[in-house]
1. Residue 23 is checked against (1) at pLDDT below 95; (2) aromatic (Phe, Trp, Tyr); (3) buried (at least 24 other Cβ atoms within 10 Å of the Cβ) and fails just one. What number does that condition carry?
2. Taking the condition of being in a helix (DSSP H, G or I), surrounded by 15 or more Cβ atoms within 10 Å (Cβ to Cβ) and either within 16 Å of the ligand (Cβ to nearest atom) or polar (S, T, N, Q) (or both), how many residues in the range 92-114 meet it?
3. Look through 56, 88 and report the one residue that is in contact (Cβ under 8 Å) with a residue 40 or more places away in the chain and within 22 Å of residue 151 (Cα to Cα).
4. Quick one: in the range 176-193, which of the residues that are of a type in the set (Val, Ile, Thr) and not in a helix (DSSP H, G or I) is farthest from residue 166 (Cα to Cα)?
5. For the condition assigned to a helix (DSSP H, G or I) and modelled with pLDDT of 95 or more, what is the one hit in 79, 89, 61?
6. I need the full set of residues from the range 141-167 which are farther than 16 Å from residue 66 by Cβ, of a type in the set (A, V, I, L, M) and without any contact (Cβ under 8 Å) to a residue 40 or more places away in the chain, in order please.
7. Scan the range 116-145 residue by residue and report those that are more than 16 Å from the ligand (Cβ to nearest atom) and surrounded by fewer than 17 Cβ atoms within 10 Å (Cβ to Cβ).
Amino acid sequence: MGIATGAAGGLVWGALSPESQLFGRTLVAPARPDEFALTFDDGPNPKATPRLLEVLARANVKATFFLIGGFVKQCPGLVREIAAAGHLVGNHTMTHPWLAWQSESRIREELSGASAAIEDVLGTPVQFFRAPHGARRPAVLRIVGEMGMIPVQWNVICNDWSPIGVEGIMTRAKAGVEKNRIRGFGTNMVLHDGGHTGLGADRMDTVGATERLLEMYAEMKFVRVDAWVGGAA
Ligand SMILES: [Zn+2]
């Protein structure tokens, strides 16, 4: 696998959860049960991302945002705010299709379009990718690697796109963090500050849950996913 020995250097492959390796190497979380990566997909979203940035700033926590390229083009200023606050920005395709059903040329368009949109705004290369709907297959992972990006999965998902309220999100979040601690792994949690069908999704319950998680797990070490690449503790 090119990505295992690429420019990023020694990835912590040995620490990745085995079920994630079915379709190729994907970054999930290392065997560091005190570490917690908050990741937010489907933004930027003017209706939720600015408030989320305030919540994260108050806790002095850096997170990872997997952005949809089409929204990046519509909200470049918000993308600059995310990066300027110290958060990591990753690629979540241009239009959020199910990549499992797409041709290779369409996959390349989706990935390169989103990276180009982000790089136009931030001026720095995009190094991390998360597949919409988690859909992976060998062709996707090969193209991601050829483009110099590292694919990122998750190990806690909270159904925060459903109307389950802050309590519903928290129930799933707490169960997931506990499961990872018992297994001896860090937590890589996916939440959503946007909705892939359009700008303006109501994600204030996600923002509220994030605020609660930052208080509840204040003793944990919150990290961006790039902290798990390169072997440095
Ligand atoms: Zn998504």
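The values are calculated or read from the model by the stated rules, or taken from the named source; none is laboratory data. Owing to the predicted nature of the structure, the values given are computational and were not obtained by experimental measurement. Neighbour counts are summed over all protein chains in view; Cβ atoms, including those assigned to glycine, are modelled from backbone coordinates with ideal geometry.
1. The single condition residue 23 does not satisfy is (3).
2. 8
3. Only one candidate passes the filter, namely 88.
4. Taking the range 176-193 and keeping what is of a type in the set (Val, Ile, Thr), we get 177, 182, 187, 190.
Pick out the ones that are also not in a helix (DSSP H, G or I) and you get 187, 190.
Details: 187: 19, 190: 15 Å.
Among those that are of a type in the set (Val, Ile, Thr) and not in a helix (DSSP H, G or I), it is 187.
5. So the residue among 79, 89, 61 that is assigned to a helix (DSSP H, G or I) and modelled with pLDDT of 95 or more is 79.
6. Matches in the range 141-167: 143 only.
7. 116, 119, 120, 123, 124, 125, 137, 138, 142
Rundown of residues vs (1) crowded, with 23+ Cβ neighbours inside 10 Å; (2) under 17 Å from the mean Cα position of the chain (by Cα), yes/no style:
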{"position": "147", "(1), (2)": "no, no"}
{"position": "161", "(1), (2)": "no, yes"}
{"position": "164", "(1), (2)": "no, no"}
{"position": "184", "(1), (2)": "no, no"}
{"position": "201", "(1), (2)": "no, no"}
{"position": "225", "(1), (2)": "yes, yes"}
